[in-house]
Amino acid sequence: MRLTVIFFDTNVLVYFAINQDVRKQSIAQILIQQAIEKQALVISPLVIIEFIFVLSKLNQLVEQDKVVSFFQQFVKGQIDSNLVLSAYQLCAQHPEQGKNINDVIPLKCAEQHCEKIIPFDSEASFSKIKPTYNLEPHRMVCTPPPPTGSELR
């Protein structure tokens, strides 16, 4: 049986940390807690950067220091030139979507670790790039690919 890895986008972390909407905060907290209990929480480097940016805009950097430090342990992957080029190419293939590279880089990070991606928010904004990913609404979930020979012990 494969482990399901839950790949959260920036908005989920913001809803978790900042009470802007009680219902959304509750959902985010439940989803993140469940992912942690299953050892399945994944955050991309860009998502943690965006989260810190949002906290800065909301003047919450000091208040949320422990939350940032906590989430840092779940950051996986790295943003390198190949990932950026791949994200650019996906944006260029679907200019009608109006997706910017900051929307696509987390998807490309998830793609490196996962076979299935489910966005937290509506699937509608990704409908034209859906053939590239297996998308479902409400939350972003992915299943890692089978281990390669070097990963087997």
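The values are calculated or read from the model by the stated rules, or taken from the named source; none is laboratory data. Quick caveat: nothing in here was measured; it's all calculated off a predicted structure. All Cβ positions, even for glycine, are placed from backbone atoms using ideal geometry, and neighbour counts span all protein chains on display.
Testing residue 129 on (1) surrounded by 17 or more Cβ atoms within 10 Å (Cβ to Cβ); (2) at pLDDT 85 or above; (3) among the β-branched types (Val, Ile, Thr); (4) more than 11 Å from the chain's Cα centre (by Cα), one condition comes back false. Which one is that?
Of (1) surrounded by 17 or more Cβ atoms within 10 Å (Cβ to Cβ); (2) at pLDDT 85 or above; (3) among the β-branched types (Val, Ile, Thr); (4) more than 11 Å from the chain's Cα centre (by Cα), only one is false for residue 129: (2).
Please determine, by comparing only the residues of the stretch 3-19 that are among the β-branched types (Val, Ile, Thr) and not in a helix (DSSP H, G or I), which one is farthest from residue 63 (Cα to Cα).
Applying the filter and picking the extreme gives 4.
Could you list all residues from the stretch 70-82 that are more than 16 Å from residue 15 (Cα to Cα) and assigned to a helix (DSSP H, G or I)? It would help to see each step written out before you state the result.
To start, the set of residues in the stretch 70-82 that are more than 16 Å from residue 15 (Cα to Cα) comprises 72-82.
72, 81, 82 - these are the residues of the stretch 70-82 that are more than 16 Å from residue 15 (Cα to Cα) and assigned to a helix (DSSP H, G or I).
I'd like to verify a number: residues in the stretch 36-58 that are at pLDDT below 85 and not polar (S, T, N, Q), how many?
So the answer is 4.
For residues in the stretch 20-69 being among the polar types (S, T, N, Q), in a loop (DSSP other than H, G, I, E, B) and surrounded by 14 or more Cβ atoms within 10 Å (Cβ to Cβ), which is nearest to the chain's Cα centre (by Cα)? Steps first, please.
The initial filter retains those residues of the stretch 20-69 that are among the polar types (S, T, N, Q), namely 20, 25-26, 29, 33-34, 39, 44, 56, 59-60, 64, 69.
Then keep just the ones that are in a loop (DSSP other than H, G, I, E, B); that gives 20, 39, 44, 59-60, 64.
Adding the requirement that they be surrounded by 14 or more Cβ atoms within 10 Å (Cβ to Cβ) leaves 44, 60, 64.
Values: 44: 6, 60: 21, 64: 19 Å.
Among those that are among the polar types (S, T, N, Q), in a loop (DSSP other than H, G, I, E, B) and surrounded by 14 or more Cβ atoms within 10 Å (Cβ to Cβ), it is 44.
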